[in-house]
1. Multiply the residue gap between B:Arg229 and B:Arg136 by 0.36 nm, knock off their C-alpha separation, and tell me the result in nm, one decimal place.
2. Gain in length, A:Asn221 to A:Glu180, computed as 0.36 nm per residue apart minus the alpha-carbon separation, to one decimal in nm?
3. Provide a whole-number value for the mean count of partner chain Cβ atoms within 10 Å of the Cβ atoms in peptide B:86-99.
4. Quickly work out the A:Leu12-to-B:Asn16 label distance, labels modelled 7 Å from Cα along the C-beta direction, and quote it in nm with one decimal.
5. By accessible area of protein heavy atoms, probe 1.4 Å, what ranking do B:Lys121, B:Lys201 get, highest first?
6. May I ask you to derive the FRET efficiency for A:Thr281 and B:Glu195 from their Cβ-Cβ distance with R0 = 41 Å, giving the value to the nearest 0.05?
7. Under the rule of at least 5 residues apart or a separate chain, name every residue whose amide H is placed under 5 Å from the amide H of A:Val51.
8. In the full protein assembly as shown, how much of B:Ile10 is accessible to a 1.4 Å probe, in Å² to the nearest 10?
Amino acid sequence: MTRVLSWLLSALAIGAFGFLLCVFLFQSGPVWQSEGTRYITGVSWFYRQDVFGALSLIYGSLAVTAVALLLAGPLGLGAAVFLSEYLPQKARLVLKIPLELLAGIPSVVFGLLGIALLRDWVYRTFAKFDPLSGDTLLTAGILLAVMILPTMVSLCDDALRSVSGAQRQAARALGLTRAETIWNIVLPQASRGIASAFLLSVGRALGETVAVFLVIGRQDNNLPHPWYSPAPLLEAGQTLTTKLGGAETNIAFGDPLHWAAIMGLGVLLLVLTAGATCLGTLGRRRHA
Amino acid sequence: MFENIPCKNIVLETLNLEVQVRERTILQNISLQVASGEILGIIGPSGAGKSTLLRCFNRLSELTPGLRVRGEVRLMGSSIYAPELDVNVLRARVGMLFQEPVVFPVDIRENVLFGARRLRKLSKGEQDELVESKLREVALWEEVRDRLKQPAAKLSVGQQQRLCLARTLAVRPEVLLMDEPTSALDPRSTSAIEELLLEMKSRHSIVLVTHNLRQARQIFDRVAVVCLRNGVGQIVEQGESAAVFNAPSAPEFRDYLGQASGM
Ligand SMILES: Nc1ncnc2c1ncn2[C@@H]1O[C@H](COP(=O)(O)OP(=O)(O)OP(=O)(O)O)[C@@H](O)[C@H]1O
Ligand SMILES: [Mg+2]
């Protein structure tokens, strides 16, 4: 019974998502026709000239997410290891409460904090690279890292806790130290859950809009040369979400091609976030 | 109640051991000795503190928050609580087997090598040798020699328990602690383990907890009976296994025997 129900609900969810994707795909039709694959690979976006290349937006989203993950990943996993393996059970439960609270703070609050505290800090700290302002991809990435950190810690902690105590005990009884037990027993067995924590965080970071919007500078067509250069991180940039959240979206609605280009960004965003979230959820499900 | 074991070396002994959880005393006044080459059995009703006692011998008790152990435990004459003693080295010297076999989610070979590899550097050849000799020692070699690279979890529960034993033996413990090692096993695996114990006791001293009276009578050399007295676990009787089982004197133990055989 529950199996049928869960299967039905899954089907419903997938159906709803498919429907959503179809709407977006249909509405973005004209831009795929006019730009083809250049819509994804094109480096410039000038809507007044009807040039729509989303690459810099994709780059912005991925760069910001990468920074966030690079910072929040190790930190979150480290904190989770401390929480789950070193702290007594009671302290762990007490600490999890503020974590959940932090995860529930509206993202605009983080955005305001970013403006108030982070922007100037980035500007001053990286002064020798001469950034134009504190509104940069890096700033947005750091802010995102702070935002996903609580979820990261919480999910990683769940993953570590799901490793049975008997495994730890057997390892300790063989004479392994606590650190060796964590390294050889706990982390490998929690790896699926940890991977899914990372993926769910990626989904969250890719989709985050308001907080990023407030500190990223919203500068189109910022791409690195060569592609691996980190220079654009200290420049203002634009992500899929900040583009969609900006004024251009309202302007676009009157013009079919422009609107299609905007809806196309929606398709990209949906596919990226849904991909990350689905993979993450699958990993979590199979892990549990 | 204290009996000395003349002309045999004491490997492990406790003196006035007392265990408390928060304010509650679980075990008190525990004094026992394990000589080399013998199986000391611990028997008694459920909840008397047998598992807790066993975990004091390799300081695994320290992993349980709130547990306080007082008194003395000596391994080869020196205190296991001595400040200069490395508790992880101690745990390698005093191996432990649990009620449910706990195999690690790696292949059979890696399971055997798990603890050993950490204690000493092993060449590939030495590893192969160790894996084979330990699996032979637990009579598992013939059954698994063709599938050493397969996940250990695929083995039957009885085979898993023997694998766990091989893994423990690979770190060359002086004492083996076993907490109802056969209670999750079928009769055939049980007798396999029992044969192994009898065969192994010349090399390792063994402390064995069991609820299986037949097993206890057959393979214990000496026995310590742990029962609740005034709500606290204590040794109510100990001595040569045959003597204790044939003429039980402590009323708690008689009750236990009565219930256990009545079942
Ligand atoms: N961590 C703990 N916290 C509180 N009480 C505990 C803890 N560990 C053990 N106890 C208590 O100590 C007593 C002895 O438990 P133990 O598991 O050692 O008994 P046992 O003799 O091994 O029983 P069994 O034959 O059922 O395995 C029990 O009353 C148990 O409730
Ligand atoms: Mg027990």
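1. Details: separation 93, 0.36 × 93 = 33.48 nm, distance 4.34 nm.
So the chain would gain 29.1 nm between B:Arg229 and B:Arg136.
2. 10.0 nm
3. Values: counts 2, 3, 7, 1, 1, 7, 4, 1, 2, 3, 5, 2, 4, 1.
The per-residue average across the peptide is 3.
4. Each label point lies 7 Å from its Cα, and together they span 6.9 nm.
5. Of B:Lys121, B:Lys201, the descending order of accessible area is B:Lys121, B:Lys201.
6. Numbers: r = 49 Å, r/R0 = 1.20.
Efficiency at R0 = 41 Å is approximately 0.25.
7. A:Phe46
8. 50 Å²
The values are calculated or read from the model by the stated rules, or taken from the named source; none is laboratory data. Because the structure is predicted, anything quoted here is derived from the model rather than measured. Glycine also receives a Cβ, built like all others from the backbone with ideal geometry; neighbour counts cover every protein chain displayed. Calculation scope for accessible area: heavy atoms of the full protein, side chains included, ligands and nucleic acids excluded. Shrake-Rupley method; radii C 1.70, N 1.55, O 1.52, S 1.80 Å.
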